[in-house]
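Take a look at the structure below.
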Amino acid sequence: MQVIYLDVLFGVNFIMDCMIFLSAAILLNYAPTKMRTLMGSLIAALLYCLSILIPILRQLPFYIYDFLIPIIPIVIIYQVKSYKEFLKVFIACQFASFLIGGAIWNGYYLFLTKGAKQEISLMFVLSIGVVILLVLYSMSTYIRQRFIMPHFEYNMTLVHKGEKTKIRAYLDSGNRLYTLTTHQPVTVITYDAMAALLSTEEEALIEAYKREGIEGILGRHKQDKVYLIPYESVGCKSDILLGFRMEEMILEKGMFHKTFNGCVVGIVTHELFKGETYKALLHPDYMMVS
């Protein structure tokens, strides 16, 4: 008689579900939060354990479990909003599951079976899952940096109050920031990249905003016009950006050369890309201007 320990079953399923959902996120280029990933994996492991404990559920065909168990975790982790998006994520999760499962069985027959069959150890299973996850992440990072991102990078030159600075910018199709009143597109730039262009008054305004929030800049009318821009990004809570108008913004990429006058940039104090040299998220509207 085979004995199954519920705590071990739950723990293994929880860890493997985390790996599967993270692998699917890598394949789809999604960035779910850690809390959502943990919560979704916890629910998936719990549902699987319930399917073993409840006698009626044990009689159902396996393919029903295979379809029903991921539904709630997928909705929680990836926040899908349509059947088409759900189907895409579901297929990615199934592919990741087959990939990790296939690697485990291949590893078992290659390394563990030498004349007599051996039981698959827990550490072996988890090690294979970690290796697959790291391989997917490394391949995704390499392809993204080597083949995808270079097509969207531009050399940007900003002119502000007679001063110039050059910045590497990334064309962000997800940038949908506009000024509230004039509906001008807003390019997001890091504070350290803009420091050389900002006047003493503008720097003081930013520092006041960082210390006191919106209240810190109310009533300061001596500076040039300042834009307040609602802002939200992945991994960053909703906030308000301070925007400043640039005299010129020059974009260059190969034979492409275009100058824009009176552009608005919004300043963030955090990095836009970890480990990258991009300091600006270029608004896609600038690529639509003839």
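The values are calculated or read from the model by the stated rules, or taken from the named source; none is laboratory data. In this text the structure is predicted, and so the values were computed from the model without any measurement. Here the Cβ positions follow ideal geometry from the backbone for every residue, glycine too, while neighbour counts run over all protein chains shown.
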| field | Residues located in the stretch 247-290, provided they are modelled with pLDDT under 85, touching a strand residue (DSSP E or B) at 6+ places or on another chain (Cβ under 9 Å) and in a loop (DSSP other than H, G, I, E, B) | value | Thr269, His270, Glu271, Leu272, Phe273, Glu276, Thr277, Tyr278, Val289
| remark: Counting only residues that are part of a helix (DSSP H, G or I), among the polar types (S, T, N, Q) and farther than 27 Å from Leu122 by Cα, the stretch 71-105 contains a total of 0
| remark: Filtering the stretch 181-208 down to residues that are of a type in the set (A, V, I, L, M, F, W, C) and free of Cβ contacts under 8 Å to residues at least 60 places away in the same chain yields Ala195, Ala196, Leu197, Leu198, Ala204, Leu205, Ala208
